[in-house]
Every structure is written in structure tokens, then in C-alpha cells.
1. Val85 is checked against (1) touching a residue at least 12 places away in the same chain (Cβ under 8 Å); (2) among the β-branched types (Val, Ile, Thr); (3) more than 22 Å from Ser176 (Cα to Cα) and fails just one. What number does that condition carry?
2. Given the conditions (1) open to solvent by 100 Å² or more (accessible area, probe 1.4 Å); (2) in contact with a strand residue (DSSP E or B) (Cβ under 8 Å, 6 or more places away or on another chain); (3) not acidic (Asp, Glu), and given that Phe54 satisfies all but one, which numbered condition is not satisfied?
3. For a quick check of your reading: which strands (runs of 3 or more DSSP E) sit entirely within region 120-225 and have at least 2 residues that are in contact with a His (Cβ under 8 Å, 6 or more places away or on another chain), modelled with pLDDT of 90 or more and crowded, with 17+ Cβ neighbours inside 10 Å?
4. Scan (1) surrounded by fewer than 18 Cβ atoms within 10 Å (Cβ to Cβ); (2) in a loop (DSSP other than H, G, I, E, B) for the single condition Tyr89 breaks and write down its number.
5. Within region 123-134, does at least one residue satisfy the condition of being farther than 24 Å from Val92 by Cβ and free of Cβ contacts under 8 Å to residues at least 40 places away in the same chain?
6. Can you name the number of the only condition in (1) within 15 Å of the chain's Cα centre (by Cα); (2) modelled with pLDDT under 85 that Gln36 fails?
7. Assuming Ile230 fulfils every condition listed in (1) surrounded by 11 or more Cβ atoms within 10 Å (Cβ to Cβ); (2) within 26 Å of the chain's Cα centre (by Cα); (3) not hydroxyl-bearing (Ser, Thr, Tyr) apart from one, which condition is it?
Amino acid sequence: MKLINRIIFALIMAMGLLFVYSRTDQYVRSNELIAQANKALSEENYQHFISVRFYQEIPLLEEEIMVDNTTYRLFLYETAFIRLVNENYEVVDGFVFLLFLEQGPLLDSAFQVKISTGDETLIDYIGHRVLDLPVYLAKDQETKAFLFPRSEFYVNSMYQEITQMEVFVNDELYFSLELQIEESIYSVKSQIEEYLLVNNKVPHEDFGSVSIQKVIQIDTAPYVLRNGAIYLVAVFGVTVLFYGYRNKQLGKKVPTIGVQKDIEKLKQKQK
């Protein structure tokens with residue numbers, strides 16, 4: 001029974017240590033991301049929030065949006081990423097949606113972003129607030145991708161000019177915007193493909209008019225080790241106190257009648 005109790009105790013301690021690691025890692029990462037995001041906002045570095053690897057620094061669209069007493073700044077950035085298909089590089093391009101609250105109450109509800117060509121809606125994404133920031137992104141609900149792919153705007157191999165964006169909150173139109181995004185406006189994909197053809201490798205530094213989003217690296221190891229050590233010391237201290245107290249209590253309780261009889265029998269045998 002003692003062995004089973006020790007195994008259970010060890011499992012509980014290990015689960016507790018895993019919980020400390022998970023919570024510490026999540027807490028440190030979240031705080032660092034928020035700190036970097038607030039710094040970017042204070043510097044009006046809106047490109048910081050582009051979540052796709054390659055992008056054009058000059059936005060396709062920058063627009064101030066006013067809804068009642070609320071003011072937003074909307075950006076559409078041309079973006080692209082590279083994927084490996086049958087050992088060949090393939091470039092997927094499109095644009096991302098960034099919305100920044102400049103004045104007014106926060107919008108905490110999820111919203112819909114619909115991109116249309118003429119009377120036909122070709123893209124319908126879900127928008128949401130980022131962490132606790134006045135920043136909103138839109139992504140595909142199924143794939144979780146933030147890219148509005150250019151390929152979605154081709155019908156019978158013909159590109160359809162993007163003419164309208166509508167944002168809905170609780171199925172009601174929140175605001176709409178007339179657009180004019182033609183096929184000729186895209187340039188990031190062609191530049192990446194030319195780079196791949198010449199260099200036969202994925203670019204890791206800015207080139208041409210293409211910028212590369214830096215990978216955010218956060219070292220949580222020092223904080224995880226510190227909190228893990230605190231946890232182990234605390235568990236060790238509690239364990240020592242518990243077993244020390246239990247050992248002190250041994251022999252202090254009045255024996256039961258059955259135990260008393262057994263003790264008397266042992267004494268009689270010894271005589």
C-alpha cells in the first residue's frame with residue numbers, strides 16, 4: 001500500500017510540475033507579445049501585426065473608418081508565403097486585413113469580413129480582437145489562415161476585380177467600403193518567384209520591394225526553471241512537514257480494544 005501511495009504522490013507532483021511549466025510559459029509569452037505589440041502601436045509600426053512571412057511594406061489600402069463615435073484605421077497589405085509541393089517551391093499570395101481602434105469603445109464581438117467582386121461574395125472570413133489589444137485581424141474559420149488568397153478571386157481562370165468589403169457584427173452591417181484591387185496591383189509573388197529561380201533557395205532577408213516578417217523568439221526557460229524550482233522546494237517542504245507531523249503523532253493515540261488485547265497477549269507470551 002505504501003508503494004502505491006508513493007507512486008500516486010509522484011504522479012501528482014509530476015502533473016503539478018507540468019502545470020507550472022505550461023502556465024509559466026504561456027504567461028511569459030503572452031506578456032512579451034503584448035509588450036512588443038504595444039511598442040509597435042506607440043511607434044505606429046502597423047506591419048508588426050502582419051502574420052504572413054512576406055509582405056509589401058506599402059499597403060494596398062489605408063483607410064480611416066468612422067462608425068458612430070468610433071474611429072478605426074484599416075489596412076490591407078499584400079502578402080505571400082512559400083510552401084513545398086512535391087519538392088518544388090510554390091508561392092501563395094493575397095492580402096491580409098488589419099483593423100486598429102483609434103478612438104471609441106472596444107469591439108469584443110467576433111465579426112464577419114466579406115470581400116466581393118461585383119455582386120458575388122468570394123471571401124467570408126471571421127474577424128476577432130487580438131489578445132487585449134485594440135487590434136483586429138480576420139482569418140478563415142476552418143484553416144485559421146489570415147491570408148485572403150488571390151486564387152479565390154479567379155472564375156474560369158479569369159481574375160475578378162475586388163470591388164467591395166463589408167463588415168458585419170451580429171449579422172448587421174457595421175461598415176462597408178468600396179475597393180478597386182486589380183490583378184496588376186500584385187507584385188510580391190512575381191518577385192519571390194524570380195528570386196527562387198535565380199537563387200534556388202528561400203529568401204531570409206528583404207529584397208526588392210518585398211519585406212520579410214521577423215520571427216518573434218521568446219526565451220521562457222529562465223522563468224520556467226525559476227518557478228519549477230520554487231514549486232519543487234515548496235513540495236519538498238510540505239512533504240517534510242507532513243511526514244514529520246505524522247511521525248510525531250504515532251503512539252500518541254489511545255489504542256483500540258483489539259490492539260490492547262493484542263499487546264496484552266504479547267506481554268503474556270514474553271513472560
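The values are calculated or read from the model by the stated rules, or taken from the named source; none is laboratory data. Being a predicted model, the structure only gives us computed values, none of them experimental. Counting neighbours? That spans all protein chains shown, and the Cβs are built from the backbone with ideal geometry, glycine included. What goes into the accessible areas is simple: the full protein's heavy atoms, side chains included, and nothing from ligands, DNA or RNA. Shrake-Rupley method; radii C 1.70, N 1.55, O 1.52, S 1.80 Å.
1. Among (1) touching a residue at least 12 places away in the same chain (Cβ under 8 Å); (2) among the β-branched types (Val, Ile, Thr); (3) more than 22 Å from Ser176 (Cα to Cα), the lone unmet condition for Val85 is (1).
2. (1)
3. Filter on region 120-225 gives 135-139.
4. Tyr89 satisfies all of (1) surrounded by fewer than 18 Cβ atoms within 10 Å (Cβ to Cβ); (2) in a loop (DSSP other than H, G, I, E, B) except (2).
5. Checked against the condition, which is being farther than 24 Å from Val92 by Cβ and free of Cβ contacts under 8 Å to residues at least 40 places away in the same chain, region 123-134 yields at least one hit.
6. (2)
7. Against the list (1) surrounded by 11 or more Cβ atoms within 10 Å (Cβ to Cβ); (2) within 26 Å of the chain's Cα centre (by Cα); (3) not hydroxyl-bearing (Ser, Thr, Tyr), Ile230 comes up short only on (2).
For every residue, the table says whether it meets (1) among the hydroxyl-bearing types (Ser, Thr, Tyr); (2) free of Cβ contacts under 8 Å to residues at least 24 places away in the same chain; (3) outside any helix (DSSP H, G or I); (4) closer than 23 Å to Leu107 by Cα.
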site	(1), (2), (3), (4)
Gln36	no, no, no, yes
Ala40	no, yes, no, yes
Ile58	no, no, yes, no
Glu63	no, no, yes, yes
Leu74	no, no, yes, yes
Tyr77	yes, no, yes, yes
